[in-house]
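Asks: Take this structure first; my questions come after.
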Amino acid sequence: MRDHDRDPLSTGNSSSAVIPDETFQLAPIPILIEDWYGIRLWVDDLRASGVTDLDAYLDRHPDAIQHLRETHHRFVDANEAVVTLFEAESKDAFFARAKKLLPASRRSNEQVLRAMFNGDTACQGERMLTSFGGRSIPIVWRCSLPRDPERYRRLHFYAFDITEYQENIDRIETMRAELARAGRISLVGQLAASITHEISQPLSATRTSVEAALRWLNRDEPELEEAMTSIRDAARWARDTTDICHKLRGFMARTPVQARMHAAEEIIDAAVRLIAAEAREKSIAVETNVTPGLAVFVDRVQLQQVLSNLLVNGVQAIASAGDDVERRLTLTARPDEGEMVVFSVTDTGLGIDAQAAGMLFQPFATSKQEGMGMGLSISRSIVEAHGGRIWVDTASGTGTSFHFTLPGAVRSR
Ligand SMILES: Nc1ncnc2c1ncn2[C@@H]1O[C@H](COP(=O)(O)OP(=O)(O)O)[C@@H](O)[C@H]1O
Ligand SMILES: [Mg+2]
């Protein structure tokens, strides 16, 4: 005789007192009917005997759940959806292995017991099932708990296969992890690109200065004074190179800028010297116009980076504009409102069209064959870290002005 045929309440093939048989059998949700009547009486007795803490009781009697399942519990009926869920050949095949497929687990059974013990009207939980084919199926189950103990002879357990839901969650988790990894990689990539970009100017200035020193020394009458000056310059550019590497690393980690008061003129002078060779080579005149006594509260090397980035862009813009345009690059600095200084770098190149202008400050945005697209992105980071802002003023065919503000003011000397 099959387990489910032994149900004492079963009349004919009616599977449930609550759900009409056909609806039950063909319901698209797996429904398992189990007999918990004996367990319900056991729970009532337990409570009557004065037990108030079920968890503590189960801790003291670790075999209780297994014992209850073996002596007081029965699978009564299952609908077609259960058979399908378990990938069983038939309902009989399912019932033949039901005890093994749905073993007593403290985690799952305890939830029903606790709800019964507390007099709750429903309970639910999650568990992992294993199908006949060995597939793991995560499910959420739910069960209504009637007041009348008699009705515990046919407790309805509804199961919801959450495989797909779980897979979606897993997919989202994987995507999130990948995104975080990509973010880290792109940060490392940006750092590498930034360093490469930012040290190229002072590095070639170092070389130029050393070569100049060599030429001064190589003369029939060596010019020691001039050689010393060139070597001092070389030492300074080399120091700046190291400094830039350190600062860029700190920059990515968002360490605060180390600002000090500097004469704007000095930093502008250094930046212009950094790009002088390139401007000369392309026959571009570089003019500066700085309000006397102007002081800025900045990290010296970082302001030098911003200026040389903008100046190099200007040189390249003019160089690529052909021979017909005027070849002049202007750098101005003057006080702005509210203890700020505004710097402007203006070229006589061909300008930028409005669409491209929106993207300029993004990392890796470049229109140049050999470009890295890092200069403006780094410049913006530096300016903003100082509490300033940077913007571009341009139109197609008219030349370009980049402006940025930094803290500072005119100091009486
Ligand atoms: N002065 C300028 N005139 C015209 N276009 C410019 C100018 N400065 C920047 N750009 C545009 O902005 C882009 C990004 O500049 P930048 O971040 O310095 O990267 P890169 O110089 O390596 O291309 C350039 O490729 C160019 O298209
Ligand atoms: Mg550039």
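Asks: Which one is nearest to A276 (Cα to Cα), of the residues in the stretch 199-251 that are open to solvent by 70 Å² or more (accessible area, probe 1.4 Å) and basic (K, R)?
Replies: Ranking the qualifying residues of the stretch 199-251, first place goes to R207.
Asks: Moving on. If a residue has to be within 8 Å of ligand 2 (Cβ to nearest atom) and under 19 Å from W391 (Cβ atoms) to count, how many in the stretch 367-380 make the cut?
Replies: Going through the stretch 367-380, the residues within 8 Å of ligand 2 (Cβ to nearest atom) turn out to be 368, 371-376.
After this cut, where a residue has to be under 19 Å from W391 (Cβ atoms) as well, the list is 373-376.
Within the stretch 367-380, residues that are within 8 Å of ligand 2 (Cβ to nearest atom) and under 19 Å from W391 (Cβ atoms) number 4.
Asks: Taking the stretch 63-87 as the region of interest, how many residues are touching a helix residue (DSSP H, G or I) at 6+ places or on another chain (Cβ under 8 Å) and open to solvent by 30 Å² or more (accessible area, probe 1.4 Å)?
Replies: So the count comes out to 4.
Asks: Name every residue in the stretch 1-41 that is assigned to a helix (DSSP H, G or I), touching a Ser or Thr at 6+ places or on another chain (Cβ under 8 Å) and either modelled with pLDDT of 75 or more or open to solvent by 80 Å² or more (accessible area, probe 1.4 Å) (or both), in order of residue number. Walk me through how you get there before you give the answer.
Replies: At the first step, the residues of the stretch 1-41 found to be assigned to a helix (DSSP H, G or I) are 3-6, 21-26, 37-41.
Now restrict to residues that are touching a Ser or Thr at 6+ places or on another chain (Cβ under 8 Å): 4, 21, 24-25, 38.
The answer is D21, F24, Q25, G38.
Asks: Let me ask another. Could you identify the single residue in L310, L294, L350 that is within 12 Å of ligand 2 (Cβ to nearest atom) and in contact (Cβ under 8 Å) with a residue 12 or more places away in the chain?
Replies: On the way: L294 fails: within 12 Å of ligand 2 (Cβ to nearest atom); L350 fails: within 12 Å of ligand 2 (Cβ to nearest atom).
Result of the check over L310, L294, L350: L310.
The values are calculated or read from the model by the stated rules, or taken from the named source; none is laboratory data. Predicted model only: the values in this text are computed from it and were never measured. Heads up, the Cβs are rebuilt from the backbone with ideal geometry, glycines too, and the neighbour counts pull from every protein chain shown. When the accessible area is computed, the model is the full protein with side chains, heavy atoms only, and any ligands, DNA or RNA have been set aside. Shrake-Rupley method; radii C 1.70, N 1.55, O 1.52, S 1.80 Å.
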